[in-house]
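See below for the structure under consideration.
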Amino acid sequence: MTIPENSTETDSSMLTLDLDENATHDTVGFLDVYQTYDWPKSTQEIIQGAFFLGNVILMFPIGYIGQRFGGKSLLQIAVGVNGISSFVAPWCVAWGDWIAFAVIRFLQGCAQSGIYPGINILITHWFPVAERNSLSSFIYAGAGIGSMLAFLLGGILADSIFGWPSTFWVIGVSCCIVFILITIFAATTPGDHRYIKEAEKIYIAKDQVEEVVTKPNIPLKKILTSVPLWAIIITHVGNTVAYMFFFMQGPTYMFGVLEFDIMASGVLVALPYLGSCISALAFGNLSDYLTNRKIISIKMARILFNSIACFIPAICLVTITFTTSSTLAVVSFVISSTAHSGHHTGWMVNYMDLSPNYCGFLMSIGNVISNIFAVLLPVIVSIAVTDVTDRYQWRIVLLLMAGFTFVGNVIFILFMSGDIQPWNKGNEEDEEEVVKKA
């Protein structure tokens with residue numbers, strides 16, 4: 001069974017469990033980690049949904065934690081919890097079957113809810129504004145690289161003498177190593193770092209319009225009534241849901257309607273992630289090139305790359321629903337994933353444009369709503385598609401997803417902003433009170 005990762009977040013345990021119709025939990029010894037599991041599709045959906053449920057439940061609290069303690073703490077929580085839970089997963093599943101695995105996935109979803117908010121907070125503190133897109137693209141490309149390696153190495157490890165549990169053990173150990181490196185060498189801000197030079201601090205802060213500070217007090221009312229913010233959230237949700245549909249339901253559509261099993265080829269599975277990595281780096285560098293040379297404004301750059309990330313996948317979705325060619329469907333699949341990386345220099349970095357101080361919390365709001373839709377997506381598909389071989393049932397869902405991401409980007413174009421919002425300074429009343437007390 002393959003457990004896929006959500007859109008807007010890197011899933012460190014997107015690995016494979018062997019399925020064997022002849023060997024089940026009851027036919028092997030207690031806590032035998034090498035036993036195999038024949039779980040029905042409904043059980044697999046519950047396990048997949050548990051991850052997104054964890055994301056939704058803890059997203060707001062994790063946003064507050066990030067505002068209080070900084071982005072480093074969110075990354076420590078994410079890799080620490082996922083490292084330990086991944087390593088012990090084979091034993092837990094042997095003990096508690098699919099329920100134990102669903103609980104693990106839920107905990108991992110909770111922990112990973114802080115990855116992108118934490119990254120956004122660190123980016124605003126550490127990256128010069130003029131290089132923010134190009135440097136952050138290297139970080140965002142890591143999601144595609146990690147997913148590609150998981151698919152390729154997962155099969156190799158599962159076929160090794162250590163069996164399928166080794167995929168979880170390798171991920172667990174890797175996460176623990178990353179946790180140690182973050183704890184020793186990372187810092188929330190340049191001012192907190194033990195080894196940074198003064199010249200480096202000056203270089204990082206040279207072109208910041210406002211000083212970036214971590215503010216524990218969040219002006220929630222002003223944030224929730226911000227029109228530019230809701231423009232980002234709407235396109236965030238539409239773009240993410242369309243992307244997740246591609247990866248969660250796309251292979252099922254191609255197998256049921258086009259009779260082509262894309263998951264049978266490791267190369268074809270890896271291609272969308274490879275395209276995503278390459279385009280993420282290209283879009284980030286191109287965006288900085290265009291804005292730093294005043295060829296286009298920051299606002300226009302966000303609109304341009306977000307349109308690439310939304311309009312092209314929408315066209316690919318429409319293409320897939322009307323084509324009978326499996327080759328064209330695979331090409332559309334790869335093109336959509338490649339174009340989707342434009343969102344890194346579109347709506348994702350636009351959270352930082354609006355509020356460097358609260359961008360982590362803003363990302364949390366968008367992630368909560370998008371993950372609610374992610375949980376509902378399999379339900380919507382199961383209601384609309386009762387026969388996976390029926391092209392016309394699938395067409396309704398495909399066109400719905402295309403329309404969702406298309407309309408979301410239109411709203412983004414009309415109402416977005418590339419400027420820092422007044423509420424980035426926090427609650428002015430609270431600030432005045434602090435000054436009076438001082």
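Taking every pair of alpha-carbon atoms in the stretch 53-191, give the share separated by more than 17 Å as a whole percent. The answer is 66 percent, as a whole percent. Dimensions of the stretch 290-349 based on its C-alpha atoms, expressed as ranges along the principal axes with the largest first, amount to 45, 19, 14 Å. Computing FRET efficiency as 1/(1 + (r/R0)^6) for residue 186 and residue 91, where r is the C-beta to C-beta distance and R0 is 25 Å, gives about 0.25.
When the chain is fully extended, how far beyond the present Cα-Cα distance does residue 252 get from residue 220, taking 0.36 nm per residue of separation?
So the chain would gain 7.4 nm between residue 252 and residue 220.
Sorted from greatest to least, the principal axis extents spanned by the alpha carbons of the stretch 340-384 come out as 41, 21, 10 Å. Counting only Cβ charges, +1 for Lys and Arg and -1 for Asp and Glu, the dipole size of the chain around its Cα centre is about 1280 debye. Computed over the chain, the per-residue total of -39500 (n - 2.57) for DSSP H runs of n ≥ 4 gives a 222 nm mean residue ellipticity of -24500 deg cm²/dmol, rounded to 500. The solvent-accessible area of residue 126, taken with every protein chain present and a 1.4 Å probe, is close to 60 Å².
Between the helical axis of 227-256 and the dominant principal axis of the chain, each derived from Cα atoms, what acute angle in degrees is found, rounded to the nearest 10? Here the helix axis deviates by roughly 20 degrees.
One compactness figure for the stretch 76-136 is 1.55, namely its Cα radius of gyration divided by 2.2 N^0.38 Å.
Relative to the current alpha-carbon distance between residue 162 and residue 145, full extension at 0.36 nm per residue lengthens the span by 3.7 nm.
Normalised by 2.2 N^0.38 Å, where N counts its residues, the alpha-carbon radius of gyration of the stretch 283-438 equals 1.33. Here is the list for the stretch 229-328: trypsin sites (Lys or Arg not before Pro) lying in DSSP coil, each with at most 16 other C-beta atoms within 10 angstrom of its C-beta, are 293, 294. For the chain, how big is the tail of P(r) above 31 Å, as a whole percent of Cα pairs? Every Cα pair in the chain considered, those over 31 Å come to 40 percent.
With N the number of residues in the stretch 128-253, Rg(Cα) / (2.2 N^0.38 Å) evaluates to 1.49. Label-to-label distance, residue 38 versus residue 203, with points set 7 angstrom from Cα along the beta-carbon direction: 6.1 nm. Given a 1.4 angstrom probe, I'd like the percentage of the accessible area of the chain that is carbon and sulfur, rounded to a whole number. The C+S portion of the solvent-accessible surface of the chain is 69 percent. In this entry, the stretch 246-340 is assigned a mean projected area of 6.2 nm², taken as a quarter of its C-alpha convex hull surface. For the chain, take the longest principal axis of its alpha carbons; what is the angle in degrees between that and the long axis of helix 359-384, to the nearest 10 within 0 to 90? The angle comes out at about 30 degrees. Think of the stretch 94-235 as a dipole: +1 on every Lys or Arg Cβ, -1 on every Asp or Glu Cβ, centred on the Cα centre; then among 225, 199, 167, 225 lies furthest on the positive end. Averaging the sequence gap over all C-alpha pairs within less than 8 Å and six or more residues apart, then dividing by the number of residues, gives the chain a relative contact order of 23 percent. Distance between the pseudo-spin-label points of residue 153 and residue 193 (7 Å out from Cα toward the beta carbon): 2.6 nm. In the chain, the longest principal axis of the Cα atoms and the axis of helix 71-112 are about 20 degrees apart. In this structure, residue 138 and residue 45 have a Cβ-Cβ separation that, at R0 = 51 Å, corresponds to a calculated FRET efficiency of about 0.90. To the nearest 10, the accessible area of residue 419 is 100 Å² with a 1.4 Å probe. As a calculated quantity, the FRET efficiency between residue 396 and residue 177 at R0 = 60 Å, using C-beta atoms, amounts to about 0.85.
The values are calculated or read from the model by the stated rules, or taken from the named source; none is laboratory data. Since this is a predicted model, take the numbers as computed values, not measurements. Methodologically, a virtual Cβ is constructed for each residue, glycine included, from the backbone with ideal geometry; neighbour enumeration extends over all protein chains shown. SASA here: full protein model, heavy atoms, side chains in, ligands and nucleic acids out. Shrake-Rupley method; radii C 1.70, N 1.55, O 1.52, S 1.80 Å.
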